[in-house]
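Let me begin by presenting the structure, written as structure tokens, before commenting on it.
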Amino acid sequence: MSFGDTLIEEDGFGFVPRLPGTELEKSREIVRRYTLTNKHKAIVRLISWGAGIQSIKVPNRDGKLADVVLGFDNMDGYLKNRYMGSIIDRVANCISGSMMHLDNVIYPLSINDRAGKDRLNGGTVVFDNTNWQSQIVNNRVVMSHLSQRYSQGYPSDVLTQIKYTWTDDNQLHINIRATSTSSTPVNITNYCLFNLAGHGTGSKELKKHILTVNADSYIFLDGKNKLPSIICPVDGTECELRLPAQLNQRRLYDIPGGGYNHNLCVNSPSCWCYRFHARILHPTSGRFLEVYSNNPGLRVYTGNELPHQYIYPPDLKDHEWRNRKNVQINFSKSTKEITKKKATEVYGKGSVPYRRHGGFALSPQNYSNVGNIDFPSCMLHPGKMYTHDMTYKFGVLSED
């Protein structure tokens, strides 16, 4: 694993938006971009806004580079579309009821889910829409951010550092460290949407991908397909991914909600050891991605919430597809009809439209929902350090 030959260039990506009535009203703070190029000319681009991944260009089996990360060419895209490529804080996923019980004290947290009840991915003004302090240190890019006490309702200052390393064998190492001034939950990850055929190739190519996950169990979700409750075996469920499974249309639409948005429990001799999480292959290009982490969970997501002309009901699994081309469905009596709607388009890099199932995320993290005593603890205490080491490892499968 060599990174000594990695070239890092720094330039400007844009400016932090001016927010009337805040300390940023007169700000012209620069959002910085870092381009990391290894000796094989594979490229990673990072931006200080959200400490995010803006682009990853890796070769196919013919040596041709393609950008495999969904993202945007300017700040306007990231301001309109949160989370994409960014670091997710302080507590990834959902906190039910937007309340946290700690040391016999109830802390109300900001509510930001669509139903107006729960807290999703940290809150409203958090890691993904903050401009991080950033610098180049010994062939790495290091970004840091201080989240102050009571920010979004959390009871502690949290200082977080993200270290990005791009190696000559196309491994992107992400080392996350955090400390706190008092006890507080911490569960930090990167939320990057990939398509190994190329960021703009859409659902047609995503549905050719073949996924394997090192997990014997998953977190069963409640009726909203959101809040975790118990750990269940994957046997006989849509989360049975221990053997390679193609993400084809039949598989995705057999899942309630029309795709994966699941948290799987990664096999390991202990909760916090570094191990293999998942592998996904795009056979046509030969590109594959392997994910490693020292966290016990993996969120598998297939871009279900990207724009689409149809609204899908949560009990989609009960439906029988009669004519896939015209999207005609035989409905059960208890289900409202799928309705056609005018989609709000999301245009990515090169003005390419990003649509439903156009990308996937494999995000290592702790189990969801703070306070579940049956899950590994996500509490960070003063004097201790939160540590999350994760790797996106890219490779090419030969035709042999």
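The values are calculated or read from the model by the stated rules, or taken from the named source; none is laboratory data. Please read these numbers as outputs of a predicted model, since none were measured by experiment. Cβ: placed from backbone, ideal geometry, glycine included. Neighbour counts: every protein chain shown.
Looking at segment 200-239, which of the residues that are within 19 Å of the chain's Cα centre (by Cα) and basic (Lys, Arg) is modelled with the highest pLDDT? Out of the qualifying residues, it is 207. Contact annotation: no residue pair with Cβ atoms under 8 Å, 6 or more positions apart or on different chains, pairs a residue in segment 272-300 that is more than 16 Å from residue 189 (Cα to Cα) with a partner that is among the aromatic types (Phe, Trp, Tyr) and at pLDDT below 95.
Identify all residues within segment 16-48 that are farther than 25 Å from residue 198 by Cα and at pLDDT 95 or above; write none if there are none.
Here is the first cut: in segment 16-48, the ones farther than 25 Å from residue 198 by Cα are 16-31.
Those that are farther than 25 Å from residue 198 by Cα and at pLDDT 95 or above: 30, 31.
Applying the condition of being in contact with a Gly (Cβ under 7 Å, 6 or more places away or on another chain) and assigned to a loop (DSSP other than H, G, I, E, B) to segment 355-373 and asking which residue is modelled with the lowest pLDDT yields 367.
Can you find a residue that is among the polar types (S, T, N, Q) and in contact with a helix residue (DSSP H, G or I) (Cβ under 9 Å, 6 or more places away or on another chain) anywhere in segment 191-201? Before the answer, list the steps.
Looking only at segment 191-201, we keep the residues that are among the polar types (S, T, N, Q), and these are 195, 201.
Subsequent filtering for residues that are in contact with a helix residue (DSSP H, G or I) (Cβ under 9 Å, 6 or more places away or on another chain) retains 195.
For segment 191-201, residues among the polar types (S, T, N, Q) and in contact with a helix residue (DSSP H, G or I) (Cβ under 9 Å, 6 or more places away or on another chain): present.
Residues are listed down the side, and each one gets a yes or a no for (1) basic (Lys, Arg); (2) within 25 Å of residue 57 (Cα to Cα); (3) modelled with pLDDT of 95 or more:
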| site | (1), (2), (3) |
| --- | --- |
| 249 | no, no, no |
| 253 | no, no, no |
| 256 | no, no, no |
| 261 | no, no, no |
| 267 | no, no, yes |
| 273 | no, no, no |
| 279 | yes, yes, yes |
| 284 | no, yes, yes |
| 291 | no, yes, yes |
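Okay, residues lined up against (1) aromatic (Phe, Trp, Tyr); (2) part of a strand (DSSP E or B):
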{"residue": "205", "(1), (2)": "no, no"}
{"residue": "216", "(1), (2)": "no, yes"}
{"residue": "236", "(1), (2)": "no, no"}
{"residue": "258", "(1), (2)": "no, no"}
{"residue": "262", "(1), (2)": "no, yes"}
{"residue": "268", "(1), (2)": "no, no"}
{"residue": "272", "(1), (2)": "yes, no"}
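For residue 339, the conditions (1) over 13 Å from residue 308 (Cβ atoms); (2) among the hydroxyl-bearing types (Ser, Thr, Tyr); (3) modelled with pLDDT under 70 all hold with the exception of (1).
So, in segment 2-15, of the ones that are more than 20 Å from residue 199 (Cβ to Cβ) and not acidic (Asp, Glu), which residue ends up modelled with the lowest pLDDT?
Pass one, segment 2-15, residues more than 20 Å from residue 199 (Cβ to Cβ): 2-12, 15.
From the residues that got through so far, the ones that are not acidic (Asp, Glu) too are 2-4, 6-8, 12, 15.
On the way: 2: 54, 3: 63, 4: 70, 6: 93, 7: 96, 8: 98, 12: 97, 15: 94.
That would be 2.
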